Amino acid sequence: MSLAYRAGGFGAIVIVKTILVVAAVGLVGLACRRRGLAALPTAIALVVAVEAARPRLVERPHLVTFVGIGALLALLADIEQHPRRWWWLPALALVWAQFHAGVFFCALVAGLYCAGAALDRVALPWRRVALAFALGCAAMFATPAGARLPRYLLWHTGLGATRVIDEFRHADAWNDPWFFVLVAIGLVTAIARRPRRWRELLPIAVTAWLAARSVRFVAEFAFLSAPLVADGFDGLLRAHVPRLVGARLAATAAMGAVAASLFGVIIAERLADPAPPRLAADVVPFDAIDFVTTTGLRARMFHDLDVGCYLAWQGWPRWQVFEDARLPAYPDEFHRALDGTPNDPAAFDALLRRWDVDAALIVEPGTNRRSGSFDPDEWALVWRRPSALVFARRTPAHAALIAAREIPLHITFRWEDGMHTAPLPSPPARSPVSRCEWQRRLAAVLDGDGDPDRALDVRADALAAGCLSGRDEADARFYLGARLQRDGQLARAAVEYDRVLALRPDDTRARTNRAWALLPSEISRAIADLVTHANPRVLEGTLR
């Protein structure tokens with residue numbers, strides 16, 4: 001992928017991904033056809049397999065493993081009729097091993113195939129098979145990693161106990177429905193088919209067990225099980241669909257229509273967004289990353305694993321990362337500490353101090369439990385967007401940045417409803433921000449969050465403390481007057497408007513509101529004057 005990016009940027013990566021996915025699907029389809037399965041059930045099975053594998057069809061080296069599985073299935077599909085093809089197994093393993101550790105599937109599937117063949121009492125050329133299998137296993141280690149492959153694979157078996165990572169969770173029906181669809185179809189087919197072919201069933205069964213324990217293997221299971229699923233559909237169609245003269249033509253037309261529809265969708269998407277392939281706008285918080293880069297916060301910055309992958313790619317070798325997806329590069333103690341440390345700010349701060357962390361970038365803060373792990377007495381919130389938060393530790397090196405950018409909010413997190421924000425009425429003891437500036441920022445934040453009444457309360461406190469003058473004072477007094485007028489305190493409202501006009505004599509809004517505030521009292525005064533000085537008879541006639 002790195003070479004592809006250097007050659008042609010993100011467009012080249014997308015092309016390589018497409019080639020690998022198409023190659024994997026095509027090789028699995030070839031395996032189905034070599035087993036004598038019809039085109040239509042093969043196509044249906046491949047669609048279901050791709051849907052199950054879709055979460056893993058991303059631009060990562062494991063795509064080569066999908067191609068390797070497809071090639072291995074195509075190799076084994078008719079190897080009993082072509083026994084010399086066993087010598088292709090070491091070559092396949094050697095090429096596969098150069099790209100991804102998933103090459104262990106080559107040995108696993110081939111070994112289980114052989115075990116199943118023994119159960120099926122199939123007469124394989126066992127001496128040739130044993131030698132080819134041994135050479136294939138040796139080829140897996142002919143890489144720069146050498147003999148470290150088993151240790152790397154075994155490390156993954158315990159990762160679920162040290163980190164909470166989605167691709168290592170157990171499969172469940174809510175998140176992985178197509179996996180269970182494939183399992184159900186495979187079970188029905190295996191039970192209904194006679195005789196059972198253990199050389200096909202054993203690799204599928206073991207991979208299904210791996211996928212159930214870790215969803216990162218669901219895609220491998222999907223491709224491995226596709227021939228079995230196609231066999232089930234093939235039997236179903238043969239038993240229940242009449243053999244009409246035009247049946248093959250109808251199936252071909254249906255597949256052509258599906259292909260044309262997919263092609264149409266692609267064309268429509270390209271017309272809607274004709275720009276070259278690029279990173280999605282929301283893949284990482286680019287604006288927050290630009291902020292921490294320009295302000296120098298990246299040197300010792302905490303961040304999440306997912307954004308760490310982008311930071312490592314974008315910032316190497318200038319910037320180090322706190323963590324990224326190269327999980328084995330970090331000790332188990334590190335992984336256990338990150339997921340085992342509670343959300344309590346004191347506990348999390350003690351953890352960060354172990355690695356001299358003095359900044360933090362928190363992505364998706366609304367649902368990120370670490371958004372509430374930063375005590376305002378120790379950390380200043382200096383960047384806030386729905387996509388990310390940035391905190392800076394209160395150190396002399398960050399004093400100027402905090403003075404210019406600190407946001408007067410306290411961030412907390414609750415498991416039941418996520419992140420919450422609360423205004424900080426006064427600056428923390430170690431904040432370099434003056435009290436007057438703090439109140440100005442707090443009022444602006446409350447206004448931005450849609451809480452104008454609380455923002456006005458803050459501005460009223462700022463007025464009382466002598467923090468506002470000129471235009472800011474006039475604006476604050478105008479809105480105070482408007483609120484008093486709304487609440488029926490007309491005399492006090494008029495006083496505020498008078499103060500606004502003293503600062504801005506040409507303020508028509510204040511003058512208009514002042515007139516309306518004074519109007520009821522002027523009417524009352526006129527009526528009182530009339531009652532006091534008018535002739536009673538005239539007044540009586542007027543009232544009639």
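Every read-out reported here was derived from the displayed coordinates using simple, explicitly stated rules and does not represent laboratory data. All values reported here derive from a predicted model rather than from experimental measurement. Neighbour counts are summed over all protein chains in view; Cβ atoms, including those assigned to glycine, are modelled from backbone coordinates with ideal geometry.
Taking 4.7 Å between beta carbons as the limit, the unpaired Cys residues of the chain are 32, 106, 114, 137, 309.
Packing, taken as the mean count of other beta carbons within 10 Å per residue, orders the peptides 354-366, 61-73, 314-326 from highest to lowest as 61-73, 354-366, 314-326.
Which ordering of 508, 395, 412 is given by a fewest-first count of other beta-carbon atoms within 10 Å? Working shown, then result.
Numbers: 508 8, 395 12, 412 16.
With the sparsest Cβ surroundings first, the list reads 508, 395, 412.
Shape class of the range 347-439 from the Cα gyration tensor (axes a ≥ b ≥ c, square roots of the eigenvalues): oblate, since a/c reaches 1.5 or more and a/b does not exceed b/c.
Kindly point out which whole DSSP H helices in the chain project their C-alpha atoms 27 angstrom or further along the helix axis while averaging a Kyte-Doolittle hydropathy of -1.0 or above. Taking the DSSP H segments of the chain (at least 27 Å long, mean hydropathy at least -1.0), we get 2-34, 218-240, 247-272, 508-533. Listing 100, 170 from fewest to most neighbouring C-beta atoms within 10 Å gives 170, 100. Is the range 23-126 best put as rounded, prolate or oblate by its Cα gyration tensor, with a ≥ b ≥ c the root eigenvalues, rounded for a/c under 1.5, and otherwise prolate when a/b is larger than b/c, oblate when not? Note, shape of the range 23-126 comes out oblate. The P(r) of the range 2-241 has a tail past 29 Å containing 28 percent of all C-alpha pairs.
Could you tell me which of rounded, prolate or oblate describes the range 297-396, using a ≥ b ≥ c as the square roots of the eigenvalues of the alpha-carbon gyration tensor, with rounded for a/c under 1.5 and, failing that, prolate when a/b is larger than b/c and oblate otherwise? Walk me through the numbers before you get to the answer.
Numbers: a/c = 1.41, a/b = 1.19, b/c = 1.19.
The shape class here is rounded.
With the helix formula -39500 (n - 2.57) applied to DSSP H stretches of n ≥ 4, the chain reaches a computed 222 nm mean residue ellipticity of -20000 deg cm²/dmol.
When the alpha carbon gyration tensor of the range 77-163 is reduced to an equivalent ellipsoid, the three semi-axes, largest first, read 27, 16, 10 Å. Could you run the Debye sum over the Cα atoms of the chain, one equal point scatterer each and no solvent, and tell me log10 of I(q)/I(0) at q = 0.13 Å⁻¹, two decimals? Taken in order of the listed q values, log10 I(q)/I(0) reads -1.30.
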